[in-house]
Amino acid sequence: MGASHGGTSHNKSSNALKTIEEIRKGNIRDLYVLTGENDFLKERVVFWLREQTKAEVVRVDAENMDVLRSLTSYSLFSPMRVIVVELPAKKVIRDAMISAVSSGNLSGVVVVMGDAKIPGAEVVECKPLAKKQAVSWIVAEFRLHGVRCDLEVAEQLLDLCDGDLWSAYTEIEKLSLVTKKVTMEHLQTFVVGSMVKGNYFALMDALQAADEKRAQLEMSSLLEQGEAFQQIFVFLYRIFSLAWKSKEFNIDNKAALAQAAGRSPFFVMRCMEIGKWYSLETLRDIISAFLHLDLMIKTGEIDEQGAAGKLMQIMFPKKREAIR
């Protein structure tokens, strides 16, 4: 499928959910511009393009924009391609990337992340969903997994995830493995961090924002609610392990890393975002410190209260005296 972006300057506009439905039906355009602040819906557009075309996904940003020059023809190994262009804030680079996309010479389905006026593009508005829309999406997503979920249960799941569709999707994947019909009991049993105060995804948000104080509060809240320290420990180790792997092995493709790790692409993406706060050397030290702390816990050298304090030192190394 080659790109042909020239000709008419008319841009068709659509919302993300409608666009995803069209893609699932096989109605795929050569060029999309994804606008708005809902990154989850943007990634779902890319996900369904990949699913429907079985193409490789090539991501291009300011750091590797030179790759665009090599995407004017297909390789012998991959006859299909989805090119995801993430526009930077810097105007000179941004204009150059838009020019490369507008030329119509790129071979593949092109998806531009960011506001841009490009002739022939379908402009997809990726805005936060109203609650009713989000609940309907959850029901529909379960249906795609072959699972039944009524509106009341879907609304409760959304509330437990604080309206965060990334979190909701991770729970949908998990629940789809354990039941063919989701009930309130399933939410109580399987949804991680389903308390109003403190949950695992709020802890993840704190790490993504590099907010040490908030991370401490969220972890303390989880412990107060009776969450096992070892479960929190494993959850955090998983985050930093994936962040480390993405840098150690220079993996930019979160879908490939997710497949290798057996995790949700959205969970992996968030881990990679968290990893941006750390150098590769620091991540290596953090993984080593996690393993050392695990040994200390298992041998009784430190109790859970002390281990919780050590965890904060490990995750925020710039403010610690030593990780061991």
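The values are calculated or read from the model by the stated rules, or taken from the named source; none is laboratory data. In this text, all values refer to a predicted model and were calculated from it rather than measured experimentally. Quick reminder, even Gly has a Cβ in these numbers, built from the backbone with ideal geometry, and neighbours come from all protein chains shown. The accessibility values were calculated without ligands, DNA or RNA, using every heavy atom of the protein model including side chains. Shrake-Rupley method; radii C 1.70, N 1.55, O 1.52, S 1.80 Å.
Protection proxy ranking for 120-128, 40-48, using the average of other Cβ atoms within 10 Å per residue and placing the highest first: 40-48, 120-128. Note on residue 295 and residue 13: their simple-model spin labels are 6.0 nm apart, each label 7 Å out from Cα toward Cβ. For a straight C-alpha distance cut-off of 18 angstrom, the aspartates and glutamates reachable from residue 245 (same-chain residues fewer than eight places away being disregarded) are 273, 281, 285. Any idea what % of Cα-Cα pairs in segment 68-139 are farther than 19 Å? For segment 68-139, the share of Cα pairs beyond 19 Å comes to 48 percent.
Tell me the per residue accessible area of the chain using a 1.4 Å probe; a whole number in Å² is fine. Show your work: numbers first, answer last.
Numbers: 16340 Å² over 324 residues.
With the other protein chains kept in place, the chain gives 50 Å² per residue.
Think of the chain as a dipole: +1 on every Lys or Arg Cβ, -1 on every Asp or Glu Cβ, centred on the Cα centre; then among 302, 32, 222, 32 lies furthest on the positive end.
Largest first, how would 17, 291, 160 line up by accessible area (1.4 Å probe)?
Details: 17 55, 291 100, 160 25 Å².
Ranking 17, 291, 160 by accessible area, largest first, yields 291, 17, 160.
Suppose R0 equals 51 Å. What FRET efficiency, 1/(1 + (r/R0)^6) with r the Cβ-Cβ distance, do residue 96 and residue 148 give to the nearest 0.05? Could you put the intermediate results ahead of the total?
Working: r = 49 Å, r/R0 = 0.97.
Result of the calculation: an efficiency of 0.55.
Taking a ≥ b ≥ c as the square roots of the eigenvalues of the alpha carbon gyration tensor, segment 18-106 is oblate, as a/c is not under 1.5 and a/b does not beat b/c.
Please tell me which of these pairs span more than 29 angstrom C-alpha to C-alpha: 276/298; 132/181; 174/276; 25/131? Intermediate results must be reported in sequence, preceding the final value.
Working: 276/298 31 Å; 132/181 20 Å; 174/276 27 Å; 25/131 25 Å.
Distance filter (> 29 Å) returns 276/298.
Here, segment 36-75 is characterised by an Rg to Rh ratio of 1.03, where Rg is the alpha-carbon radius of gyration and Rh the Kirkwood radius.
What shape does the chain take by its C-alpha gyration tensor, where a ≥ b ≥ c are the square roots of the eigenvalues and a/c under 1.5 counts as rounded, a/b above b/c as prolate, and the rest as oblate?
Working: a/c = 2.30, a/b = 1.47, b/c = 1.57.
Since a/c reaches 1.5 but b/c is at least a/b, the shape of the chain is classed as oblate.
Taken about its Cα centre, the chain carries a charge dipole of roughly 760 debye when the Cβ of each Lys and Arg holds +1 and the Cβ of each Asp and Glu holds -1.
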